[in-house]
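K.L.:
I am attaching a structure below and will ask some questions about it afterwards.
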Amino acid sequence: MKFLRVGERGNEIPAILDDKNNIRNLSNIFKDLTPENLNFENLDKIKNFDINSLPLLDQNQRIGSCVFKPANFFAIGLNYKAHAAETNSNTPKEPIVFNKSPNCIVGPNDDIVIPKFSKSLDHEVEIAIVIGKKAKYVKEEEAQDYIIGYCICNDISEREWQKDRGGQWVKGKSGDTFGPLGPYLVTKDEIRDPSNLNLTLDLNGKRRQTGNTSLMIFNFNFLISHISQFITLMPGDVITTGTPAGVGMGMTPPDYLKDGDEMILKVDNLGEQKLKVVKEK
């Protein structure tokens, strides 16, 4: 199943794609794709429901983030060897876990805003995991039982704030619009092999990032198990799992996002994002 949220910002409603990719209204079943609704019990209800009987929605309206108000938005740094190399970093021996503020989450086609005083805004195409039940001390071989679905994430990063302004990475990772999610939250049963998903990012029509999840240093199951040894994960929590090589910081000289730039992100079976970069007004 592919879930999404549609409508103007602040007034989105939950929806689902039917077998012909029409958008159907889910709001009579639950109010939104919030942590209290993102669980396997609700998933089972919808599996037994006639999706094609739900009201049709406008197919051309804005798509919001596919998860609304998660309690936690975790991210993984340097999870592809080639990306670690292009940033002159050592390959990590265990996952580098950091936070992004949930307030940075926006829709998959919303504008990316260059903050005031930003000099080095960068892109990172990634795949995010969404948790479907409480996860604590999870065994790696059981981690799939805790995943409700996957989505595309662009881990927008302000490199100077991330690397040169002291403290943790969160300052450079949490600006407004720094976390586009979606378009769809795709349930794990639709992802035949999560260890073999292609992901790409094009900037102004030119390919910048290409990767495959087979090249991840730490796979999805390991990441869930690892994080759950330290932090209890809850339904609706988002974990974005790292980016392949090709970021602006890795270019010679570095090539950061500018006003008017356009990005297209694609991941197998997860859809695509189309994002324009604009200056803060």
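The values are calculated or read from the model by the stated rules, or taken from the named source; none is laboratory data. Please read all numbers here as calculations on a predicted model, not as lab measurements. Here the Cβ is made from the backbone with ideal geometry for all residues, glycine too, and neighbour counts use every protein chain on show.
K.L.:
Which one of Met249, Met263 is farther than 21 Å from Glu141 by Cβ and more than 19 Å from the chain's Cα centre (by Cα)?
P.N.:
Residue meeting the stated conditions: Met249.
Yes or no, residue by residue, for (1) in contact with a strand residue (DSSP E or B) (Cβ under 9 Å, 6 or more places away or on another chain); (2) assigned to a strand (DSSP E or B); (3) more than 22 Å from Ile129 (Cβ to Cβ); (4) modelled with pLDDT of 95 or more:
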site	(1), (2), (3), (4)
Ile224	yes, no, no, yes
Ile227	yes, no, no, yes
Ile231	yes, no, no, yes
Gly236	yes, no, no, yes
Gly242	yes, no, no, yes
Tyr256	yes, no, yes, yes
Asp259	yes, no, yes, yes
Leu275	yes, yes, no, yes
Val278	yes, yes, yes, yes
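K.L.:
Restricting to segment 27-71, name every residue that is in contact with a strand residue (DSSP E or B) (Cβ under 7 Å, 6 or more places away or on another chain), closer than 25 Å to Leu275 by Cβ and free of Cβ contacts under 8 Å to residues at least 40 places away in the same chain.
P.N.:
If the condition is that a residue be in contact with a strand residue (DSSP E or B) (Cβ under 7 Å, 6 or more places away or on another chain), closer than 25 Å to Leu275 by Cβ and free of Cβ contacts under 8 Å to residues at least 40 places away in the same chain, then Asp32, Gln59 are the ones that fit.
K.L.:
While we're on this one: Taking segment 1-41 only, how many residues are buried (at least 21 other Cβ atoms within 10 Å of the Cβ) and over 21 Å from Val238 (Cβ atoms)?
P.N.:
Qualifying residue count, segment 1-41: 1.
K.L.:
Would you mind telling me which numbered condition in (1) in contact with a Gly (Cβ under 8 Å, 6 or more places away or on another chain); (2) under 16 Å from Lys163 (Cα atoms); (3) touching a residue at least 24 places away in the same chain (Cβ under 8 Å) Asn79 fails?
P.N.:
(2)
K.L.:
Of Gln168, Gln162, which residue is of a type outside the set (Asp, Glu), loosely packed, with under 15 Cβ neighbours inside 10 Å and out of contact with any Leu (no Cβ under 7 Å at 6 or more places or on another chain)?
P.N.:
Residue meeting the stated conditions: Gln168.
K.L.:
Among the candidates Asp110, Asp145, single out the residue that is acidic (Asp, Glu), outside any loop (DSSP other than H, G, I, E, B) and either at pLDDT 95 or above or within 15 Å of the chain's Cα centre (by Cα) (or both).
P.N.:
Every option except Asp145 fails the conditions.
K.L.:
Let me ask something else about it. List every residue pair whose Cβ atoms sit under 7 Å apart, with the two residues 6 or more apart in sequence or on different chains, where the first one lies in segment 136-155 and is at positive phi and hydroxyl-bearing (Ser, Thr, Tyr) and the second, anywhere, is modelled with pLDDT of 95 or more and in a helix (DSSP H, G or I).
P.N.:
Tyr137/Ser228
K.L.:
If you check every pair at least six apart or on different chains, which have Cβ atoms under 8 Å apart with a residue in segment 241-267 that is at negative phi first and a residue that is part of a loop (DSSP other than H, G, I, E, B) and modelled with pLDDT under 95 second?
P.N.:
Once the first residue is at negative phi and sits in segment 241-267, its partners that are part of a loop (DSSP other than H, G, I, E, B) and modelled with pLDDT under 95 give Val247/Thr87; Met249/Thr87; Gly250/Thr87.
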